[in-house]
Amino acid sequence: MTDLGPSRPQVDTTRPAYGDDPDPTAWTGWVVFAAFMMIMVGSFQAIEGLVALFDDGWYHVTQNGLLVQADYTAWGWTHLLLGALLIVAGVGVLAGNTLARLVAIALAGLSALVNLAFIEAYPIWAVIIITIDVLVIYALVVHGRELRSSSM
């Protein structure tokens, strides 16, 4: 008897048959880490805003010693609003939303600038938040697309 082979036609199962996008790398975990860090930084910003609203004596300098001379109530609302937006953007990044990733990058940059202006009031904390913001921006700019492609 002669072997005629399988009755099904051969199907190309190589990567180009499914698309040209590369496989997600281990950086996907860093993007998830960045999203969770955004949620945490947003929570920290909100707490910092509440402290500024309710107990302005907590900070190291008076309002006149800040880079941007505004009362602590204004700073409190700024931190509270920024914190809420960071939390929402972090959740959007976890969902793989491209628009949320772009907004998250902008908000992380804004968070770094706000904390730079607020650095005299609470220096160590502001430097920690700025460092986390820079790491978040790096992870989202360089490898943010990988989370979207791995969640589809």
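The values are calculated or read from the model by the stated rules, or taken from the named source; none is laboratory data. Model, not experiment: these values are computed from the prediction. Virtual Cβ from ideal backbone geometry, glycine too; neighbours counted across all protein chains shown.
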Exercise for the section: Please work out which residue is surrounded by the most Cβ atoms within 10 Å (Cβ to Cβ), limiting yourself to the range 67-95 and to residues that are β-branched (Val, Ile, Thr) and more than 16 Å from PHE36 (Cβ to Cβ). Expected result: THR78
Practice task
Filter the range 49-68 down to residues that are within 20 Å of ALA108 (Cα to Cα) and modelled with pLDDT of 85 or more, then give me how many there are.
Solution key: 2
Exercise for the section: May I ask you to list pairs of residues, at least six apart or on different chains, whose Cβ atoms are under 7 Å apart, with the first in the range 42-54 being surrounded by fewer than 18 Cβ atoms within 10 Å (Cβ to Cβ) and the second being among the polar types (S, T, N, Q)? Expected result: LEU53/THR73
Practice task
Search the range 69-117 for residues being within 19 Å of ALA46 (Cα to Cα) and in contact with a Ser or Thr (Cβ under 7 Å, 6 or more places away or on another chain), and hand back the single one that is modelled with the lowest pLDDT.
Solution key: VAL114
Exercise for the section: Those residues that are surrounded by fewer than 23 Cβ atoms within 10 Å (Cβ to Cβ) and polar (S, T, N, Q), I need them from the range 96-115; list them, please. Expected result: ASN97, THR98
Problem - Candidate set from the range 118-145 (those that are among the hydroxyl-bearing types (Ser, Thr, Tyr) and at pLDDT 90 or above); member that is surrounded by the fewest Cβ atoms within 10 Å (Cβ to Cβ) - result: THR131
